[in-house]
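The values are calculated or read from the model by the stated rules, or taken from the named source; none is laboratory data. Here the structure is a predicted model, which is why all the values come from computation and not from measurement. As a convention, Cβ positions derive from the backbone with ideal geometry for all residues, glycine included, and neighbour counts pool all protein chains shown. Quick note on the areas: whole protein, heavy atoms, side chains included, nothing else; ligands and nucleic acids left out. Shrake-Rupley method; radii C 1.70, N 1.55, O 1.52, S 1.80 Å.
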Amino acid sequence: MNAASDNVQTARKMLAGASCWVLTDGKAGDEAPCLGLAQALGLDVETRVVRPRKFFALLAPRGPVDPAERPDAPGSPIAPPFPEVLIASGRRAVPYLRAVRRASGGKTFTIFLKDPRIDPHVADMVWVAEHDRLRGDNVMTTLTAPHVVTHETLNAARENPDPRIARLPEPRMALLLGGDSRHYSFHEKDIVSMVGVVESMVLSGAGAMITPSRRTPPQLLARLRGVCADAPMHTFLWDGTGENPYVQMLAHASLIVVTADSTNMVGEAIATDAPVMVYEPTGGSVRLSRLIRTLVADGRVRRWRGRLESWPCVAHDDTPAIADEAALRFALFRAARR
């Protein structure tokens, strides 16, 4: 073990078990990466959700905390005692991170995931994806965001298969659906394409596992329900009831098709060793296209061109590297305050 590795291990031990708040406005796309990093660091996590009123939400990230949620307000999501570590994400969380940093006397180590849309020194450490432009001395960049889809999690899912998944014939394809967003919209041609993905699997005799998001258009879900009703022995569509077997789908997939509107889902998909095909709905983003181009050039993903493909792949997960950097920065943070 070299000196750098020794330093990382020492820093990790220092941080393990520390109290941590995961602070967001409750959006799954913001909360999931924070939880992934907290889990990787072995922190004692509490989720805190901020709900600023409309006026104060509009002022974020530069404005103040909603007075109704100040640290000394009854029921405040940032009431003391303050944690040793705070991991936040989302524009509305920025004023609250700033308030905790100030109210704790600078004793809380703060991490912000994604571009805070303000000076990155608002936090002790900022992580952004490489396809974002933000850079700085406290900014770390990696290809993909932190997440909870670890090697151990996938193995545990394989050893304890969900009956809803295990009943499907092999090979199994997982379809991870996002929905309408700032950059993408699901038009009729996109709906036809997504239905075609499932029909292709069913016609080949394989199994199709489908998980939608809260943004998935109702008309797409209605069409997929029709396909699944016609082939119940070959399909599973999570309908929002019971636990979402999302990790089970990733663990048991021989092929994954994911929509490009969710970089979180793309990152989680490539953390498996299954081939990943990315479908780009109508619209687009220069920033997100950079990520897809990089993954395609690396051979980790292919664009959906109307047919299922397969090729050998190696899992890609940046979470451990982000956790190592956070641990090292926490150690320096602690040392500077002795």
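General remarks:
- On Cα atoms only, tilt of 286-297 relative to the major axis of the chain in degrees: 60 degrees
- For the chain, built as a Gaussian network whose Cα springs stay under 10 Å, the top-fluctuating residue of 261, 317, 298: 298
- Solvent-accessible surface (1.4 angstrom probe) belonging to residue 56, in square angstrom, nearest 10: 40 Å²
- Per-residue SASA entry for residue 309, accessible area with 1.4 Å probe, Å² rounded to 10: 30 Å²
- Positive-end extreme of charge dipole, the chain - chosen from 37, 166, 308 (charges on Cβ): 37
- In plain terms, if you count all Cα to Cα distances in the chain and split them into 10 Å steps from zero, the share in each step is 5, 24, 31, 24, 13, 3, 0 percent.
- Residue-level accessible surface for residue 310, protein heavy atoms, 1.4 Å, Å²: 90 Å²
- In degrees, nearest ten, helix 319-336 long axis to first principal axis of the chain (Cα): 0 degrees
- Note on the chain: GNM, Cα springs under 10 Å; of 38, 88, 229, the largest mean-square fluctuation is that of 229.
- Per residue, the accessible area of the chain comes to 45 Å², computed with a 1.4 Å probe over protein heavy atoms only.
- P(r) tail, the range 30-141: Cα-Cα pairs separated by more than 20 Å, 37% of all pairs.
- Selection from 47, 281, 122, by position along the positive dipole direction of the chain (Cβ): 122
- Rounded if a/c under 1.5, otherwise prolate or oblate - the range 150-204, Cα gyration tensor axes: oblate
- Ligands, DNA and RNA left out, the accessible area of the range 95-231 computed with a 1.4 Å probe is 53% carbon and sulfur.
- Distance from the C-alpha centroid of the range 263-320 to that of the range 25-98: 30 Å, rounded to the whole angstrom.
- Taking all protein chains together and a 1.4 Å probe, the residues 35, 97 rank 35, 97 from largest to smallest accessible area.
- Between helix 3-15 and the chain there is an angle of about 80 degrees, using the helix long axis and the longest principal axis of the Cα atoms.
- Part-to-part distance (alpha-carbon centres) for the range 119-154 and the range 186-223, which is given in Å: 31 Å
- Structure-based [θ]222 nm, the chain - -39500 (n - 2.57) summed over DSSP H runs of at least 4, per residue, nearest 500: -11500 deg cm²/dmol
- Taking 203, 175, 23 in turn, the Gaussian network model of the chain (Cα-Cα springs below 10 Å) assigns the largest fluctuation to 203.
- Phi-based couplings in Hz for the range 42-53 (Karplus 6.51, -1.76, 1.60; Gly and Pro marked x): x, 7, 8, 9, 10, 8, 10, 10, 9, 9, x, 5
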